Amino acid sequence: MIKEMEIYLHIPFCVRKCAYCDFLSRAADEKTQQEYVKTLIKEIRGYGSTYYDRVKISTIFVGGGTPSILTGEQMQHIFDALHQSFQISKDAEITIEINPGTVTDEKLCLWRQAGINRLSIGLQSVNDEELRMLGRIHTYGKFLDSYRAVRAQGFQNINIDLISAIPGQTLESWRETLTKVAELEPEHISAYSLIVEEGTPFYQMYGGSGENKKETQDSLLCGEGTHRYLPLPDEETERAIYEATDELLGRYGYQRYEISNYAKEGYVCRHNLGYWERKEYLGIGLGASSLVEHTRYHNTSDYEKYITGVEGHKDIREEMEKLSLADEIEEFMFLGLRKTKGISAKEFRKQFGKTITDVYGKELKKLESENLLVRAGDRIYLTERGTDISNAVFIRFLDP
């Protein structure tokens with residue numbers, strides 16, 4: 001029996017690391033990029049004998065890093081290997097992440113020929129000063145050039161990534177970003193709140209301590225020139241930003257279907273929905289994570305180990321965790337409740353052979369009484385207040 005599966009493919013290269021980024025990515029020369037593409041294709045082909053007759057690929061997501069940094073021919077070779085090694089559904093959603101300033105008409109044309117039908121553009125802000133603070137490589141004007149080129153090439157499913165609550169941002173500047181982006185009418189908008197991650201320049205400025213933090217605040221190099229320290233928005237401003245996002249995008253016809261994601265009718269991201277609904281996915285490339293046959297694992301994040309491992313036909317998987325029934329029940333709850341429509345009690349019983357009331361009856365009642373959760377027929381979902389403090393709600397479903 002052929003089952004459905006998703007693929008995530010990782011390209012760990014970028015022009016320059018942004019000040020807030022903790023993803024597995026780095027700048028690299030052409031020789032390194034070519035070496036990686038060659039090894040990636042070898043990894044892809046290695047899965048052919050295992051999966052070609054067993055799975056049908058419903059979505060592919062090429063992330064990074066900045067996948068659009070590769071040449072059009074390199075991406076075409078990667079997709080040739082994917083099509084030869086897997087059965088890919090005719091209506092598969094195939095996404096590539098791109099950064100403004102890294103796309104050309106030639107690349108766009110070759111991507112379409114390869115079957116790519118959805119683009120996710122990393123904009124983050126329409127304010128050039130905010131972009132410099134984030135360490136982005138582009139201006140808003142350069143983004144507009146890339147967006148127009150994408151539309152001219154016929155792409156009809158586009159996401160734009162935005163980041164709120166960045167240093168120095170006000171409610172007014174965020175509303176300006178939302179309005180200008182919504183007026184461009186992309187099919188999908190992802191609006192994430194900045195998380196200051198350890199190991200980033202932003203952490204040294206906003207999350208570290210002592211002299212190192214003070215020195216970094218006094219002078220942080222973000223792109224061209226030295227930029228002064230700007231404080232993060234306070235809690236009240238963050239709350240206002242969150243409320244404004246839902247209200248403003250709603251007026252432009254975008255519906256929130258997950259905590260940070262908005263789409264026009266018919267354009268939810270099927271690949272990300274697969275993560276939240278715990279569909280099986282295969283991660284290919286450096287550090288890529290997978291969920292296959294009740295097991296979570298990821299490829300090695302060590303570049304040399306990855307290259308030599310694939311070339312030497314060695315196992316590059318690390319931290320393999322066979323999920324227990326309790327693990328899967330917990331994931332069903334805290335991943336599924338990220339969606340605005342929440343989870344299905346019938347689906348819970350179908351997957352786990354017991355009712356959701358058997359497992360979480362007392363907790364569900366308590367969350368309802370606290371106005372954090374709603375039960376309506378078969379559906380269970382977060383209230384607006386529950387969404388505001390979603391992480392605190394999710395914790396309540398651990399260790400049933």
Output wanted: per-residue J couplings in Hz (rounded whole) for region 371-381, from phi through Karplus 6.51 cos²θ - 1.76 cosθ + 1.60, θ = phi - 60°, x for Gly and Pro.
6, 10, 8, 10, 10, 10, x, 7, 8, 10, 8
From the residues ILE69, HIS271, LEU144, which one has its Cα farthest along the dipole of the chain in the positive direction, the dipole being from +1 and -1 charges on Cβ of Lys/Arg and Asp/Glu about the Cα centre?
HIS271
For ILE284, what residues show an amide H to amide H distance below 5 Å, using hydrogens built from the backbone and excluding near sequence neighbours?
TYR8, LEU9, HIS10
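With the radius of gyration and the Kirkwood radius both derived from the Cα set of the chain, what is their ratio Rg to Rh? Spell out each step's value before the answer.
Details: Rg = 21.7 Å, Rh = 22.7 Å.
Rounded to two decimals, Rg/Rh equals 0.96.
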Pairs beyond 18 Å (Cα-Cα), from LYS264/LYS339; LYS42/LYS107; LYS31/LYS142; LYS3/LYS56
LYS42/LYS107; LYS31/LYS142
Which order do ARG256, ARG132, ARG151 take when ranked by solvent-accessible area (1.4 Å probe, heavy atoms of all protein chains), largest first?
ARG132, ARG151, ARG256
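Using +1 on the beta carbon of Lys and Arg, -1 on that of Asp and Glu, and nothing else charged, what's the dipole of region 36-77 about the Cα centre, debye to 20?
Numbers: 5 positive and 3 negative charges, 24 e Å.
Taking the Cα centre of region 36-77 as origin, the dipole is about 120 debye.
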Loop only per DSSP, at most 16 neighbouring Cβ atoms within 10 Å: give me the GluC sites (Glu not before Pro) in region 318-400, ordered by residue number.
GLU370
For SER289, placing the label point 7 angstrom along Cα-to-beta-carbon and taking region 22-56, residues whose amide nitrogen sits under 17 Å are 22-25
Simple spin-label model, 7 Å along Cα-to-Cβ: ALA392 to ARG375 in nm?
2.3
7 Å from Cα along Cα→Cβ at both GLU277 and GLU318: what's the point-to-point distance in nm?
3.2
Could you tell me the calculated FRET efficiency between GLU235 and ASP128, based on Cβ-Cβ distance and R0 = 30 angstrom, to the nearest 0.05?
0.65
Just reorder LYS38, LYS17 by solvent-accessible area, largest first, 1.4 Å probe, all chains present.
LYS38, LYS17
Can you give the log10 of the normalised intensity I(q)/I(0) at q = 0.25 Å⁻¹, computed with Debye over equal Cα scatterers of region 2-61?
-1.04
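Does region 224-366 classify as rounded, prolate or oblate by the C-alpha gyration tensor (a ≥ b ≥ c root eigenvalues; a/c under 1.5 gives rounded; else a/b over b/c gives prolate, otherwise oblate)? Can you show the working numbers first?
Working: a/c = 2.01, a/b = 1.10, b/c = 1.83.
In terms of gyration-tensor shape, oblate.
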Where both partners of a DSSP beta bridge lie in the chain, what percent of those bridges are antiparallel, to the nearest 5?
40
Over region 290-346, with a single point scatterer placed on each C-alpha, what log10 of the ratio I(q)/I(0) does the Debye formula yield at q = 0.24, 0.25, 0.27 1/Å?
-0.93, -0.97, -1.05
Nothing charged except the Cβ atoms of Lys and Arg (+1) and of Asp and Glu (-1): what's the magnitude of the dipole of the chain about its Cα centre? Round to the nearest 20 debye.
1040
What is the gain in length, in nm to one decimal, between TYR192 and THR50 on full extension, counting 0.36 nm per residue of separation less the C-alpha to C-alpha distance?
47.4 nm
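If region 1-123 were replaced by its equivalent ellipsoid, with semi-axes equal to the square roots of 5 times the Cα gyration tensor eigenvalues, what would those be, largest first, whole Å?
Details: eigenvalues 122, 48, 39 Å².
Output for region 1-123: semi-axes of 25, 15, 14 Å.
On a full-extension model of 0.36 nm per residue, what is the gain between LYS42 and LEU325, subtracting their alpha-carbon distance, rounded to one decimal in nm? Intermediate results must be reported in sequence, preceding the final value.
On the way: separation 283, 0.36 × 283 = 101.88 nm, distance 3.45 nm.
Here the answer is 98.4 nm.
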Give the lysines reachable from LYS346 as a straight Cα distance under 19 Å; neighbours fewer than 8 places away on the same chain don't count.
LYS279, LYS354, LYS362, LYS365
Over the chain, what is the relative contact order in whole percent, taking alpha-carbon pairs under 8 Å and six or more residues apart?
14
I'd like the distance separating the alpha-carbon centroids of region 16-73 and region 323-400, in whole Å.
35
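So which chymotrypsin sites (Phe, Trp or Tyr not before Pro) in region 323-400 pass both tests, a DSSP loop state and at most 10 other Cβ atoms within 10 Å of the Cβ? Each step should come with its number before you reach the end.
Values: sites: PHE332, PHE334, PHE348, PHE352, TYR360, TYR381, PHE394, PHE397; in loops: PHE397.
Qualifying residues, ordered by number: none.
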Roll a 1.4 angstrom probe over the protein heavy atoms and tell me the percent of accessible area of the chain that is carbon or sulfur.
48
To the nearest Å², the heavy-atom accessible area per residue of region 290-400 with 1.4 Å probe amounts to 56
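The values are calculated or read from the model by the stated rules, or taken from the named source; none is laboratory data. Given the structure is predicted, the values throughout are model-derived calculations rather than measurements. FYI the Cβ positions are ideal-geometry reconstructions off the backbone, even for glycines, and counts take in every protein chain you see. These area figures cover heavy atoms from the full protein model, side chains too; ligands, DNA and RNA do not enter into them. Shrake-Rupley method; radii C 1.70, N 1.55, O 1.52, S 1.80 Å.
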